[in-house]
Amino acid sequence: MKKLKIAMFFALVALCMPMTAIGAENVIYAGVTIGGVDVSGMSREAATSKVNEAVEAAQNAEITIHCIEDGTVVLPISDIDLKWTNTKVVSEALTYGNTGNFIRRYKDKKDISKHGAEYRIEYSVSTDAIDKFVEEKCLVFNREAKEAALEKTSNGFSVVPGHTGIVIDKEEAVAFITNFLLNEWDGNSCEITLPSKIDNLKANAEDLGKVTELLATASTSYKTSGADRSANVANGCRLINGTTLYPGEEFSTYESIKPFSVDNGYKMAGSYLNGMVVDSLGGGICQVSTTLYNAVLKAELEVTERHNHSMIVSYVPASSDAAIAESSGKDFKFVNNTEYPIYIEGYTTDEKKIVFNIYGYESRPANRTVEYVSEVLETIPALTENIIPSASYPVGYISVQSAHTGYKSRLIKVVKVDGVEESREVVNSSNYKMVPRTAVVGIATADPTAAAQISEAIATGSIDYCRSVAGAWVASALAVAPPAGADANP
């Protein structure tokens, strides 16, 4: 009896021991599918071939994509580099119900007989191809919101109606299509609808209708400017005029007036560069940003970026300027920090004044006033002269630029209520370079006498002496020159 029990024990252990591949079946158990393909009773090779057929058939499928409203496009699967990535799933299917100990195999086979066993086909796709498809085929149906806007007339303001928009976000659409193909798609042609968003208006007609009051005005004169600089000032003003800025919206002066090109209405005129006045497209545009800056300060809008010029300017007090420089990334920006839209009006006059008016809804108390005071903290006089010899110009050439006094200054905001000062606040601090009187003196010559004379003049450090020597040399050269049309070698 004891021997029988021992034999039964070892038999039971043998039944419960895991079955190795030696004891496994060579075909997939009945009821197993891979990606909807019935692979019951198939060998590894046959099942792989059958699933490959399904993958190849999926390559011919098309996804009909509903974009916005009536916008429908078709995405051919063959265009997105579809690949079957989990090819080892056939091996997994082959082992199901055919490996493990007796109890495990019995349980697996009972589960298959009741519920079947479904394995997914996993794919990879080219997200770059889907990105391109969305960009070229889907986004064309986007309808951007058109903001209601203000129009100023001789009779006041009128509201130009706008409309809400409906848009597809590209990144969201690419992620949506990719997720569907990788996690939900059954390999057949089908239809899906892309998510879209309502693009709401920033302000309604009622809010715009409240923009009737003048919040601030500022003007500067450019009457000493030449024709080209005057044209640049007028052009920059024109590009800003008519701007409607909504609550919380930031205005970039540079973005509004760029590019500085002939096609955009700009001409060559003087501007500051490295302590020198040089001609550049758009020279004088900083007077536009400066005038707007002063209007913004008076309207008490939030300034988010402002830079002073490298050297002092003549048309506003120190620290009241705002420079624009494309090369160094200088911009003048501000935010509409009121609860209602604002309207910016800009124009120039026949007397060469540039004017900016800012309209909005006035919520500030009538007995409260704001003024800005420029304080010069330090003056740095230009006591020396700077002479730049240049072989790019002949002896006799001299170009002189005036000196610029350096300053350290700050702008103070003074608030008064009923005429009584309530607060003082430093708005900005500005440093302006001192630039000495500078002359570029030509030294190119083959005449040793002329070279010696101009070198001696430069060595004195006196611009006026260099000017007299250069002038004398030009006069002597003209005196010995033959009359126009005469034979120099009779």
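The values are calculated or read from the model by the stated rules, or taken from the named source; none is laboratory data. Not measured: the values here are computed from a predicted model. Glycine gets a Cβ as well: all are built from the backbone with ideal geometry, and neighbour counts include every protein chain shown. Side chains are part of the model used for accessible areas, which takes the heavy atoms of the whole protein and leaves out ligands, DNA and RNA. Shrake-Rupley method; radii C 1.70, N 1.55, O 1.52, S 1.80 Å.
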Amide hydrogen neighbours beyond the local backbone of GLY31, cut-off 5 Å, H modeled
SER40
In sequence order, what are the phi-derived ³J(HN,Hα) couplings for segment 48-62 according to the Karplus relation 6.51 cos²θ - 1.76 cosθ + 1.60 with θ = phi - 60°, rounded to whole Hz, with x for glycine and proline?
4, 4, 5, 5, 4, 4, 5, 5, 5, 5, 5, 4, 8, 6, 9
For segment 119-269, radius of gyration divided by Kirkwood radius, i.e. Rg to Rh on alpha-carbons
1.18
Would you please give the residues with an amide H less than 5 Å from that of MET311, counting only those at least 5 places away or on a separate chain, with H modeled from the backbone geometry?
LYS433
Just check segment 371-438 against the gyration tensor rule for me: Cα atoms, a ≥ b ≥ c as the square roots of the eigenvalues, rounded for a/c under 1.5, and otherwise prolate or oblate depending on whether a/b exceeds b/c.
prolate
Run the 1.4 Å probe and let me know the accessible area of LYS50, rounded to the nearest 10 Å².
80
Shape verdict for segment 252-295, please, from the Cα gyration tensor: rounded (a/c under 1.5), prolate (a/b greater than b/c) or oblate.
oblate
Counting Lys and Arg as +1 and Asp and Glu as -1 over every other residue whose Cβ sits under 12 Å from the Cβ of TYR246, the net charge comes to -4
Kirkwood Rh and Cα Rg combined as Rg over Rh, evaluated for segment 395-481
1.44
For the chain, what does the accessible surface come to per residue with a 1.4 Å probe? Please give it in Å².
55
Students sometimes get this wrong: rank TYR293, TYR393, TYR96 by accessible area, probe 1.4 Å, all chains present, largest first.
TYR393, TYR96, TYR293
From DSSP H assignment alone, runs of 4+ in the chain each adding -39500 (n - 2.57), the sum over residues rounded to the nearest 500 puts [θ] at 222 nm at -9000 deg cm²/dmol
For a quick check of understanding: with a 1.4 angstrom probe and all protein chains in place, what accessible area in square angstrom does PHE133 have, to the nearest ten?
20
Residue among VAL140, LEU82, VAL355 farthest towards the positive dipole end of the chain, charges placed on Cβ:
LEU82
Need one number: nm distance between label points at VAL335 and THR449, each 7 Å from Cα along Cα→Cβ, rounded to one decimal.
7.2
So what is the relative contact order of the chain, in percent, for Cα pairs below 8 Å that sit 6 or more residues apart?
11
Could you tell me what percent of the accessible area of the chain is made up of carbon and sulfur, with a 1.4 Å probe and every protein chain present?
52
HIS66 accessible area, 1.4 Å probe, all protein chains in place, Å² to nearest 10:
60
Under 5 Å from the placed amide H of LYS330, counting only residues 5+ away or on other chains, we find ALA325
Sort segment 240-332 into rounded, prolate or oblate with this rule: let a ≥ b ≥ c be the square roots of the eigenvalues of the Cα gyration tensor; rounded if a/c is under 1.5, and if a/c is not under 1.5, prolate when a/b is larger than b/c, oblate otherwise.
oblate
Which value results when the Cα radius of gyration for segment 135-188 is divided by 2.2 N^0.38 Å?
1.97
